[in-house]
Structure formats: structure tokens, C-alpha cells
1. By the gyration tensor of its Cα atoms, with a ≥ b ≥ c the square roots of the eigenvalues, what is the shape of chain A: rounded for a/c under 1.5, prolate for a/b over b/c, or oblate?
2. Pull out a ≥ b ≥ c, the square roots of the eigenvalues of the alpha-carbon gyration tensor of the range A:660-786, then state rounded if a/c is under 1.5, prolate if not and a/b is larger than b/c, and oblate in the remaining case.
3. Would you mind putting A:256-264, A:543-551 in packing order, based on average other-beta-carbon counts within 10 Å, highest first?
4. Got a number for the accessible area of A:His32? Probe 1.4 Å, square angstrom, nearest 10.
5. Any idea of A:Cys266's accessible area? Nearest 10 Å², probe 1.4 Å.
6. Taking trypsin sites (Lys or Arg not before Pro) as exposed when DSSP calls them loop (any state but H, G, I, E, B) and at most 16 other Cβ atoms lie within 10 Å, what is the longest stretch of chain A free of them, the sites themselves excluded?
7. Percent relative contact order of chain A, based on C-alpha pairs within less than 8 angstrom and at least six residues apart?
8. Roughly how many debye, to the nearest 20, is the charge dipole of chain A about its Cα centre, given +1 on each Lys and Arg Cβ, -1 on each Asp and Glu Cβ, and no other charges?
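The values are calculated or read from the model by the stated rules, or taken from the named source; none is laboratory data. All figures in this text were calculated on a predicted structure; none of them were measured in a lab. Methodologically, a virtual Cβ is constructed for each residue, glycine included, from the backbone with ideal geometry; neighbour enumeration extends over all protein chains shown. Side chains are part of the model used for accessible areas, which takes the heavy atoms of the whole protein and leaves out ligands, DNA and RNA. Shrake-Rupley method; radii C 1.70, N 1.55, O 1.52, S 1.80 Å.
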Amino acid sequence: MNFRTAIAPLPALERNRNLFLSLINESTTLSHLAQAHAQIVVNGYKNDISTVTRLTHKLCDLKAINYARDLFLSVPKPDLFLFNVVIKGYSNNNSPRSSISLFTHLKKNTDLRPDNFTYFFAISASSGFPDEKVATLLHSQAIVDGFGLDLFIGSALVDLYLKFSKVEFAKKVFDEMPERDTVLWNTMISGLVKICCFEDSVLVFKDMVADAEIQLDSTSLAAVLPAAGELQQLRLGMGIQSLATKLGLHSHVHILTGLISFYSKCGDTETASLLFDQIDRPDLVSYNAMISGYTCNNETDSSLRLFKELLAFGERANSSTIVGLIPVFFPFGHLDLTLCIHCFCVKSGVVSNPAISTALTTVYSRLNEIELARQVFDESTEKSLASWNAMISGYTQNGLTDAAILLFQNMQTFKVQPNPVTVTSILSACAQLGALSLGNWVHDLVKREGFHSNIYVMTALIDMYAKCGSIVEARRIFDSMQEKNVVTWNSMICGYGLHGHGKEALDLFTKMLQFGVSPSGVTFLSVLYACSHAGLVTEGDRIFHSMVHDHGFEPLPEHYACMVDIFGRAGKLEKALEFIKRMPVEPGPAIWGALLGACMIHKETRLAHLASKRLFELDPENVGYYVLLSNIFSVDKNYPQAASVRQVVRRRSLAKTPGCTLIEVGGLPHVFTSGDRSHPQTKAIYAKLEMLMGKMREAGFQAETVTALHDVEDEEKELMVKVHSEKLAIAFGLISTEPGSEIRIIKNLRVCPDCHTATKFISKISGRDIVVRDANRFHHFKDGICSCGDYW
DNA sequence: TGAGTCAAAA
């Protein structure tokens, strides 16, 4: 009993009001609340605005939104306070539209003026809309009404814009705030982390640490820890840990859990489990972090042990536990066990949880069970953005680029807004497919949505432009990026390699080292690859040695294969063989394949037999080797042998991938196969081809027949190769694009020597630049010369 | 006199 009530009892009205208020506060169920409501009505308090407001609020908390609405409507003249409570109530009960309608009603039909609370609640509600349009509208109204600089509203806006991946908008709000409190900083950091802008979030965190005015709290540290883990920045994570100790937050359960996840992502489960033991009473989230930590590091026994321990404590596992546990099985390709977990999820009803269905989709696509992945995706009733992203990237990683793009378009008809993760996947699909016009469209989307500070997105754009033939545009983006990581550098170097620009690739590699960026295995592969395609033998040799001796890298089979390729393409076949013999590891199919490819270019039959013999032993399923070998016999005019190799292929019913070529005209893709007559303009295409062949022969063109697989007469062979898909695509390009414009085509296999020579002639005759992307690299044909130097 | 933002696993 407090002093005031002791000496002077409250007036009756106030005393009763307090009674009702505490009655409402203590209610934990709807029926308690209904009883309290009855008491209020009986005692004539049904028009007491503060009591009714408290009751309405509590009803909203208990999810009785319709009850709350009826109560609100029964009040003859609700004040701003009550409006605010109901606007928030709708927002918290999955009714953002009702929330915003009420806000509009308040502005239009009452003489009340919204205050900072009203705007705060309405802006929070606008996160339930498919895009940020409602939010920007409210934002501008808030500014007009003088609440633009309110810290709560500022934080809500930053949170919201980041949820819609509008990084630039969020930054603008953040920068324009006259004062920034801890919460505003935290909102910025955690929002960036949630949309995978890890680099950005770390930069903001560092700014926050540098700001002496601002106090860091456990939220700040917990927010940035996932970024440190994703970026595998061990020093940063340890820095955060010591900061936590300095601030006395080291036993805070959120921070310990974050650190467990961090160390697990860095591969250090030992430290993670030490931290786990430091938690007094680990909760479900901590268990899940540790379980998934063990799982990611393939310590499956520990995962399962901890899972059992969790159940033994009587804790119920939730969807995240399963999500963390499912991948236990896929490093071993244990499809049956994944199916088992799937069944368990179906039986216990958690399969409708979007996190679970997303995890299952991911696991199935990593097991290359793309149909099962799609089935789970289709059956999930509640699709989150993550579900869409998992399915799209599943398609992309399995090379099903058409399906990925189709699903991406489908997602947009469902009004699901793509985020940077979606964009990164879809750009990878464009890169694989060479779909430049879709790539351009996605680039516009990146600009529109403000994703251009996302390092993953920008790196994917570089890759896309490089693989779609626009190496200059790729470099422009590369140069425009302030923050680059090793993948960014790799993509650019690899792009130069694809285009045969060996010198540029080497220059960039040198620059990368000067910038202090540590090269990865992929970096060396890209540089070696570039050397190979540009015939830079000495440089390649030097880089390989530097990789082993200066950088301490253990070469992988693909590095060895690349070296064999460098020697082999340059015609130094004996040197290549010598290199293979000196390798400290047993040469695998990639290495012999590289040698065989080189033998093919240089028509070296003796070594080809050796290489192919090894290949048949190591990789009997791969058709490519049979084709190469058969071609080599054909070169020697040893047709019976060539035929017998082809028979092996037929007997084992190994199918050769049919060659096809894609060309985009007017933003539409046209695909041609060899001898194709299905195109609506077939007649004109073949006529153009006839005309070209005539002019080419006049200019001295002779058909190269080496790769024609059949031992028929030369003249007949000429007829067969001249309708290769690339020739059809080029002919179509010539008749359907502006004179003088560049022609770009994409071939799924390596371009054959005949088409290569023919394209050189065509580029000269037609005065067109022709860019050909084949399975290995780019060829830029100009004025009768190819950028590859006939060397591919 | 009844209302408010950010945080750990997936």
C-alpha cells in the first residue's frame, strides 16, 4: 500500500478504475478478460476511455482481434490513443490492410491528427505488404507532419526498408537522423545481416564501435556475430568476444549462442562446445546452434548425441532443430535417411513449417533429387522468400537454368519481392545460359531495388556479364565496387580467361596481390586457365610454382589438369606427359582428359591412345572421350577403328550430347540444332547460308571435315557439317539484325574446327563482329580473325 | 489515463 492511498483514499471513480485495470492486467485467458469486461459494463465503466483502451490492448495481445474491433466500434468517440492501440492491434494480428485502412480513416474522417505513435504503428504495419510502396507513402506523410526525425520512427523505417532490401533507402534514413541511439545502430546492423549484406553490416558495426558517444549492448554484438561467421572472419569474431568480456556481457546467453554459431562456421567446434558448456541452462536455441554447428562440420555423432540429450531434458525439438539436423545425412548422400526425416516431419505435421520445407528442398536439391525438392516446394502451403530462393538456387546449381528462370517469373506473379539472394541465383542462371537480355533486366532491378552495395549481387553481375560476352561491362562494374572480396577478384580474372585475355588476367592477379587480397585455390585455377587460353606457357609455369612454393597451396587435380592443358594446347605434348609422370599424386580423369584434348588439337595419335586407354579405365561412362578418340582415328583415316569406337558408344547406349546453339534476337532466344528446319524462317536462313558458302569458297574456304564422325566421302561430309547449329544461328543473326551490329551466339559444346574457320570467313565477308561462347571459352571474330588465335 | 523500435539457432 503506498503512502497516498494510506492517508487519502482515492476517489471512487479512480479506485474502481485501478481495480479494473489490474483485473485486465492479470487476465491470462480470453474468458478472464470476458469476465472483466462484464464487470466493467455492469459497473457503468463501458465508456471510460482508459479502461476500454487497456481492455482493447489486452484483447489484441490475446489475438482476439474481432472482439477488440467490436469493442472499439462500440466507443462513441474514440480518442487518438485508442486508435493507436487498434492500429497496432491489426498490425500484430496479420491484418496490415485493416491497420492501414484505419489509419486512413483516422486521417480522412476524424478531426484527430496522427502523432508519432500513430505513424510508428502504421509504418510497422506496412511491413506486411508485398513491397515498400505503402511504407514510402507513410514515410513522406510522417515527414510532412513533422515526425521524420523521430528516433522510433527512424528505427522502424530502417528496419522496414531493409526488410524490403532497400539498402539505399535505409542508409538515407539512418544518415539523416540528427541523433542516433543504440537501437537505431542495432536495427541497421541486424537488418543488413538478415538480408545477407554481411560486409556492409560489419562496416556499420565498426563505425558504431568507433563512435564514442554510443554505448554498445548485447544486441549490437549478437547482431553482428552472424556476419563474422558468414564471412569466416576469425579475428572479427574474436574481437567481438573480447568486447563482450570488456562490457561484462560474456555470459549473456544470446552472445554465447551467437559465438557457438560463429566458431562452428569457422570450423572450430571445439571452442563452440566449450562455450556451450559455459551456458548455465542452455535453451532450445542454444541447443539448435550447437547441433547445427556439429552438423555443418560433419560431426554427425555429436549432433545426434546432443539431439538425444535435448529430448532427454524433456525439451521439445522445434523446426529449427530439424533444420539443423537434416543436413547430417547429405554429406554422405544418404537419400534414404533424408526421406526418413521427411516422413517424420510429415507425420508430426511440422512439414508445413516454411523453415522445414525450405531445408528439405535444399537437401534434396543438393542430393540432385530435384524432383523431390520440387515436390516439397509445391506441397508447402506457406512459402517464405527463403523457400522460393532455395528452389531457384536448387535449379541453378543443378544446371536447370530454364526451370530456375521460369520459377523466378512465377514468383513475381505471386507478388513475392526478390531479395539479393534471389537475384544472385538468377544471375548465375543467366550466366550459365548466356541470357544477356534477362541479365540486363536483372541489372535494372538491382539498380531499382538498391542492391548495388551488396557484394554478392555485384560479383554475380560481373560473372553474368563476363559469361554473356560483355567483358567491358563486367570490368566497369568491377571497377565501380568499393568493397571486393576474393570471389569478386576471381570472377573478373576468370572472365578475362574466358575471353582469352591472358595479359589482363595476369595484370589483375598482380593487382590483387598488391591489394593484399589472399588468393584462393579458385584464383590460381582462373589465372592458370587464362594462361592456357592465351598460350602463356612460361607465365603459367611460373604461377604454378609460385602457388606451391610462395603461397603454400597443395595443388588439386584441377590445377594439375590445367597445367597439362597449358603445355598440351601449346603443342608441348611431351612436356605435358613428363609433367604428368612427375606429379606426386595419381593422375585422374581430368588430367588424362586434358592431354587427350590437346592431342586432338595437334593431331597426335600416339599419345592419344595412351591417354584414352587410361580414361576408359578410369571413367568408362564419359562419352566425350569416346568422341575424341573416334575423331583421332578419323584423322588418321583409320575409319574401321573409328567405327568400332562409336560402336562401343552405341552398345553401352551412351548418348552424345546433341549440339545446339542459341541466339537472342529482339530479347527472344532462338535455339538451333544441327540440320534444324523447325524455325519459321528456315527457308531464308538456308538461302543465306548457301549464299555465304558460295562467297566463302570464292575467298578460299575449304571445309574441315575432321570432326564429322562418319567415314563418308569428303563431299558428303561437307554437306553434313555445313548445317551445324552455329552456322544456322549465325545465318539467322545476319538476316534478322541491323547490318553492322554485333552477333552473339552460344554453343553448348566446343565449337568445331570447320565452324570456327567458317565463322572467320563470315565475319570478314559480312563485316560483322561475331562473338561465340562455346563450352569452354569465348571467341571474338572480327575481320577474318579470331581472338583465340586458333587455339582452343 | 490507456500505446512504441533492435538481439542468439534455421
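1. Judged from the Cα gyration tensor, chain A comes out prolate (a/c at least 1.5, a/b above b/c).
2. rounded
3. Packing order, densest peptide first, comes out as A:256-264, A:543-551.
4. 80 Å²
5. Answer for A:Cys266: close to 40 Å² accessible.
6. Longest site-free region, per DSSP loop and neighbour criteria: A:64-315.
7. Computed value for chain A: 5 percent relative contact order.
8. Computed charge dipole of chain A: roughly 1200 debye.
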